[in-house]
Amino acid sequence: MKFDKMTTRILVRKDYGACFDFYTEKLGLIAVWGDRKGPYTSFAVSKDAAPCFAIFLGDNMTMFSGYEQPAHQEQSDTVVGVIPSENLQEDYEKLKAAGVEFLGEPQYVNEWYMTCVYFRDPEGNLFELNDATTV
């Protein structure tokens, strides 16, 4: 297994266009493959960079024989997308100005030995922005 090559893909179940807009307009990612209509879009931090993230229309998971959507309707936080930052306060302010709604202010968590802050995408997926300079 190549965990060091692992990528993140979000299954979009509600509004593909809203997620596309969130990642491009608010987080500033560049769509390098696919578009707002889906069913798959890869994003990068710049046009010259390799894709780092993707969204996929959840309904298309049925293409994989044996996949079934879990029966429960409530989403629980079981996965967190972690985004390291070299300047947490600057990135926090930039994203906040772009309309990203955070779950609170950046805070230092003694037990984790780092400062972090959390936000959700339009699907409710949880992301952590953390201070990469202390890790």
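Scan the stretch 112-124 and give yes if some residue there is in contact with a helix residue (DSSP H, G or I) (Cβ under 7 Å, 6 or more places away or on another chain) and surrounded by fewer than 16 Cβ atoms within 10 Å (Cβ to Cβ), otherwise no. No, the stretch 112-124 contains no residue that is in contact with a helix residue (DSSP H, G or I) (Cβ under 7 Å, 6 or more places away or on another chain) and surrounded by fewer than 16 Cβ atoms within 10 Å (Cβ to Cβ). The residue pairs whose first member lies in the stretch 82-97 and is closer than 23 Å to Met6 by Cβ, whose second member is in a helix (DSSP H, G or I) and open to solvent by less than 80 Å² (accessible area, probe 1.4 Å), and whose beta carbons are closer than 9 Å, counting only pairs six or more residues apart or on different chains, are Ile83/Asp91; Ser85/Asp91; Ser85/Tyr92.
Total residues in the stretch 12-34 satisfying the condition of being closer than 10 Å to Ile55 by Cα and either touching a Lys or Arg at 6+ places or on another chain (Cβ under 6 Å) or surrounded by fewer than 15 Cβ atoms within 10 Å (Cβ to Cβ) (or both): the figure is 1.
Checking each residue in the stretch 79-100 for being under 23 Å from Leu11 (Cα atoms) and touching a Leu at 6+ places or on another chain (Cβ under 6 Å) picks out Val80, Ile83. Please determine whether any residue of the stretch 48-55 is touching a residue at least 40 places away in the same chain (Cβ under 8 Å), surrounded by 14 or more Cβ atoms within 10 Å (Cβ to Cβ) and within 23 Å of Thr134 (Cβ to Cβ). Yes. When Leu103 is tested against (1) under 14 Å from Gly28 (Cβ atoms); (2) touching a Leu at 6+ places or on another chain (Cβ under 9 Å); (3) loosely packed, with under 13 Cβ neighbours inside 10 Å, exactly one condition is not met: (1).
The values are calculated or read from the model by the stated rules, or taken from the named source; none is laboratory data. Note that the structure is predicted; figures quoted are calculated from it, not measured. Glycine gets a Cβ as well: all are built from the backbone with ideal geometry, and neighbour counts include every protein chain shown. With ligands, DNA and RNA removed, areas are computed over all heavy atoms of the protein, side chains included. Shrake-Rupley method; radii C 1.70, N 1.55, O 1.52, S 1.80 Å.
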